[in-house]
Amino acid sequence: MKASILVAALGITLTGISGTATAGCSTDRVNDLNALLSGNTVCVPVATTANMQWQELHQAGGDLIDYKRGPSSTIDKSEKVGTWSISSDVNGGYFVVHNYGAGGLFTWAVYDNKNGTHSFCGPSGAPEVVARVKPGGGAC
């Protein structure tokens, strides 16, 4: 299930959050999100409370690509599903913003779990999404 669908089903709005971590997120905030995400694929699932599954390539320049079975697949081809950008708050914290157009706008603080995974954290009450960031594009 895509993050946007799950969050919409829960009735949660993930915009305008503060720099405070939500429950379940570590204290090691990632501020160089461009270095972490640009040109790389965020892979979910990892064991997560949100029960999500997706693999999204964060292309340099801002396109967000749902990798699916790949660009050459005749069954389930990769496609652009939105854009991604980085924003900051008045406290100097950085966020990744996923814009799915009509599918919603989602803002995430990102934390390094120091075990090869990262926690994508929305506002209080939103599910923590644990993901692996895979270098480059391609299937997770």
- Task: State all residues of the stretch 102-132 that are within 18 Å of GLY82 (Cα to Cα) and open to solvent by less than 50 Å² (accessible area, probe 1.4 Å); if no residue qualifies, say none.
- Result: GLY103, GLY104, PHE106, THR107, TRP108, PHE120
- Picking from GLY93, GLY70, the residue that is more than 19 Å from ALA139 (Cβ to Cβ) and in contact (Cβ under 8 Å) with a residue 12 or more places away in the chain would be GLY93
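Could you please give the count of residues in the stretch 58-84 that are among the β-branched types (Val, Ile, Thr) and surrounded by 11 or more Cβ atoms within 10 Å (Cβ to Cβ)?
Here is the first cut: in the stretch 58-84, the ones among the β-branched types (Val, Ile, Thr) are 65, 74-75, 81, 83.
Add one more test, that the residue is surrounded by 11 or more Cβ atoms within 10 Å (Cβ to Cβ), and what stays is 65, 81, 83.
Number satisfying all stated conditions: 3.
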- Message: Among the residues of the stretch 33-46, are any under 20 Å from ALA139 (Cβ atoms), over 12 Å from the mean Cα position of the chain (by Cα), modelled with pLDDT under 90 and open to solvent by less than 20 Å² (accessible area, probe 1.4 Å)?
- Response: no
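The values are calculated or read from the model by the stated rules, or taken from the named source; none is laboratory data. Remember, it's a predicted structure, so these values are computed and weren't measured experimentally. Cβ coordinates were reconstructed from backbone atoms using ideal geometry, including for glycine residues, and neighbour counts include every protein chain displayed. For accessibility, only protein heavy atoms count, side chains too; no ligands or nucleic acids. Shrake-Rupley method; radii C 1.70, N 1.55, O 1.52, S 1.80 Å.
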